[in-house]
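Below is one structure, written out as structure tokens; comments come after it.
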Amino acid sequence: MKKYLIIFGTFFFVLCACGTDSNDSKPNISIAINTDESQIPSDGRLLLIFANNNETEPRFQVNGGLKAQVVFGMNIENHVPGKKILFDSEAFGFPVESIEQLEEGDYFVQGVFHVYETFELSTGHKVKLPMDHGEGQQWNRSPGNLYSTPVKIKVTKNGMEDLTIVLDQVIPEIEEPKDTEWIKHIKFKSEKLSAFWGRDIYLGAHILLPKNFDQHPEATFPLMIFHGHFPSDFGGFRTTPPDKNLEPDYSERFDVEGYNIIQQQEAYDFYKRWNEPDFPRFIIIEIQHPTPYYDDSYAVNSASQGPYGDAITYELIPYIEKEFQGIGEGWSRFLYGGSTGGWEALAVQVKYPDQYNGCFAACPDPIDFTSYCLTDIYKDQNAYYYDTDFKTLEVPSRRNYLGQISATMRQDNHLELALGNKSRSGQQFDIWEATYSPQGTDGYPQRIWDKYTGEINHEVAAYWKENYDLRHILERDWDKLGDKLKGKIHIYCGDMDNYYLNNAVYSMESFLESTTSPYYDGEVDYGDRAEHCWNGDQENPNHISRLRYNSMYVPKIMKRIAESAPVDADLTSWRYKE
């Protein structure tokens with residue numbers, strides 16, 4: 001049989017895909033590594049991607065949507081360079097489970113080795129996980145990961161011919177952003193996290209300074225914390241108008257032409273608002289807190305990820321306030337964000353009620369696990385299928401504002417299972433598991449459900465309920481939390497959120513509106529037919545309002561400060577005009 005070979009340098013090892021039956025149509029797939037020996041990993045996840053087009057590299061076409069391309073994954077453990085190891089012929093894939101099930105046609109094939117490192121946790125467990133290297137826990141862009149040049153093959157009715165892929169390329173290091181007059185960048189070693197992970201762990205932050213910061217050493221400033229996914233730099237702020245020669249692009253998500261120009265204009269408009277004489281002088285930060293499980297930690301303490309909540313609230317934020325003239329008191333700190341950031345804003349406010357003075361949570365991840373998207377993890381038996389007598393009906397996971405479905409719970413979770421077992425995919429359901437679950441005896445998070453079948457583990461669900469179900473926690477502890485949270489909770493969601501997150505918001509609203517002694521005295525609002533991630537703006541379309549987080553809540557923050565600041569609070573030094 002003809003062998004396809006990609007040739008790269010001098011040092012390689014071969015991974016052979018060998019089946020257990022004698023079907024001659026089953027191909028032998030060999031993966032050769034050809035890099036400097038010091039770059040050859042010992043452990044990791046070997047991914048093989050088959051794409052039916054070459055519009056971009058196959059590694060950038062792996063997703064759970066309607067155009068999902070095919071990926072297969074297998075673990076590599078304790079590899080010794082030069083030693084042959086067997087590639088599991090039953091390696092799990094998505095959306096095709098087995099290589100033998102590939103449809104006839106032409107494919108562009110690429111291999112990626114997602115590198116794992118060994119962590120000796122303070123819990124006594126030893127785990128193998130991918131360390132973030134400044135990319136925000138993205139396996140297809142993570143520095144140090146190996147990959148190959150795509151090769152074109154053909155699958156016929158007889159299957160495909162033997163295939164050899166050589167991993168000869170290493171994803172390079174990412175250049176860190178540089179400080180500017182307005183934006184500063186810090187890296188901060190967390191003692192709490194370093195103790196948990198058994199190695200030095202750093203948190204980062206991008207800090208937007210107020211106008212004429214250097215000219216006002218007498219001023220101290222309130223702090224606005226913009227939670228969300230891993231930020232490579234401070235976004236949405238530029239000191240110049242849109243580039244004149246910028247070629248307009250098209251946003252498929254929003255069906256908007258020239259969205260890149262709109263983004264630059266909004267960033268410039270924010271710069272101008274930031275400098276207006278009457279705009280309050282705040283510090284705004286975006287935090288980098290990736291973990292070996294995801295692009296951020298969800299900003300709370302957890303059994304498998306460690307004390308990220310304490311590290312951010314008690315180590316990082318006080319450090320930033322000390323270095324950049326923050327007021328440093330709970331009444332002067334505010335939280336906001338959307339999606340992951342929306343959940344974080346609300347969760348941090350609930351878990352640290354005295355340390356923050358208000359949260360603005362847009363389209364938050366599930367805040368009531370009776371509506372964990374469309375699953376009730378306490379009552380349902382299966383997360384992937386509805387309980388029926390005879391028919392099989394899958395639980396959807398994504399829709400558009402018209403209700404048209406593009407993915408199911410089973411499909412999203414099977415993609416994650418192909419990318420990594422033991423909650424190591426770096427994707428959405430796995431990070432919820434890594435955050436909310438108790439730690440297993442092997443040191444990894446316990447599964448909320450069987451990743452293949454969807455059968456729910458109700459013992460794990462009970463742990464989730466008591467520790468991370470925010471509606472349940474508020475209802476359980478309102479006698480203790482109510483006075484601390486009065487006036488601080490603001491939640492916004494589209495009523496056609498793509499991920500059904502509005503269902504949990506309805507439940508939370510019902511509880512909040514029922515509160516007495518005290519009444520919660522906050523806000524819950526919905527966007528009509530609005531998708532993910534509607535954030536409370538009833539005047540502008542979603543593609544505009546999502547670019548205005550850093551200014552849209554300022555009037556409400558100022559109102560909150562006026563109503564709640566201590567009598568002796570500094571309300572003047574940061575209100576300078578020039």
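The values are calculated or read from the model by the stated rules, or taken from the named source; none is laboratory data. As the structure is a computational prediction, the values presented were derived from the model and not from experiment. Glycine also receives a Cβ, built like all others from the backbone with ideal geometry; neighbour counts cover every protein chain displayed. Accessible surface areas use protein heavy atoms only, side chains included; no ligands, DNA or RNA. Shrake-Rupley method; radii C 1.70, N 1.55, O 1.52, S 1.80 Å.
Indicate the gyration tensor shape class of the stretch 430-538 (rounded, prolate or oblate), computed on the Cα atoms with a ≥ b ≥ c the square roots of the eigenvalues: a/c under 1.5 is rounded; otherwise a/b larger than b/c is prolate and the rest oblate. Since a/c reaches 1.5 but b/c is at least a/b, the shape of the stretch 430-538 is classed as oblate. Mean projected area of the Cα convex hull of the stretch 529-578, taken over all directions, amounts to 5.2 nm². Full extension of the chain between residue 170 and residue 525 yields a length gain of 123.1 nm, computed as 0.36 nm times the residue separation minus the alpha carbon distance. Based on alpha carbons, the Rg and Dmax found for the stretch 110-168 are 16.7, 53 Å. Modelled this way, with points 7 Å down the Cα-to-C-beta line, the labels at residue 162 and residue 191 are 6.0 nm from one another. When Rg and the Kirkwood Rh are both derived from Cα coordinates, the Rg/Rh ratio for the stretch 127-203 amounts to 1.19. Using alpha carbons only, what's the Rg to Rh ratio of the stretch 485-578 with Rh from Kirkwood? Ratio of gyration radius to Kirkwood radius for the stretch 485-578: 1.05. Amide H contacts under 5 Å for residue 372: 377, restricted to partners 5 or more places along the chain or on a different chain, H placed in the peptide plane at 1.01 Å from N.
By the Stokes-Einstein formula, at 0.692 mPa s and 37 °C, the stretch 262-383 with its Kirkwood radius over alpha-carbon pairs has D equal to 198 µm²/s. Once each part is reduced to its C-alpha centroid, what is the distance from the stretch 378-410 to the stretch 179-218 in angstrom? The stretch 378-410 and the stretch 179-218 have Cα centres separated by 43 Å. Of the listed residues 211, 67, 154, the order by accessible area with a 1.4 Å probe, largest first, is 67, 154, 211. A Förster radius of 41 Å combined with the Cβ-Cβ distance from residue 78 to residue 406 puts the calculated FRET efficiency at roughly 0.55.
Full extension of the chain between residue 567 and residue 251 gives 108.9 nm of extra length, using 0.36 nm per residue less the Cα-Cα distance. Accessible surface calculations at 1.4 Å, restricted to protein heavy atoms, place the stretch 249-307 at 34 Å² per residue. Among 218-229, 392-403, 187-198, the peptide with the highest mean count of other Cβ atoms within 10 Å heads the list, and the full ranking is 218-229, 187-198, 392-403. Computed from the C-beta positions of residue 103 and residue 386 and an R0 of 22 Å, the FRET efficiency is 0.15 to the nearest 0.05.
With one equal scatterer per alpha carbon and no solvent term, the Debye-computed log10 I(q)/I(0) for the stretch 153-293 at 0.08, 0.21 1/Å reads -0.40, -1.33. Structural descriptor for the stretch 46-158: relative contact order 28 percent, calculated from alpha carbon pairs under 8 angstrom and at least 6 residues apart.
Qualifying GluC sites (Glu not before Pro) in the stretch 513-555, where qualification requires a DSSP coil assignment and no more than 16 other C-beta atoms within 10 Å, comprise 539. Dividing the mean sequence gap of close Cα pairs (under 8 Å, 6+ apart) by how many residues the chain holds gives a relative contact order of 13 percent. Stretched out straight at 0.36 nm per residue, the stretch from residue 272 to residue 199 would grow longer than its current Cα-Cα span by 22.0 nm.
Rg of the Cα atoms in the stretch 37-195, relative to 2.2 N^0.38 Å, amounts to 1.23.
Treating r as the C-beta distance of residue 52 and residue 178 and R0 as 41 Å, the FRET efficiency rounds to 0.50.
Sites listed here are chymotrypsin sites (Phe, Trp or Tyr not before Pro) in the stretch 92-180 whose DSSP assignment is loop and whose Cβ has at most 14 other Cβ atoms within 10 Å, and the list is empty. For the chain, the mean residue ellipticity at 222 nm estimated from helices alone is -6000 deg cm²/dmol, where every DSSP H run of n ≥ 4 contributes -39500 (n - 2.57) and the total is divided by all residues, rounded to the nearest 500. If I compute solvent accessible area with a 1.4 Å probe over the protein chains, what percent of it on the stretch 439-552 is carbon and sulfur? C and S atoms contribute 43 percent here.
Binning the alpha carbon pair distances of the chain at 20 angstrom intervals from zero yields the distribution 19, 52, 26, 3, 0, expressed in whole percent.
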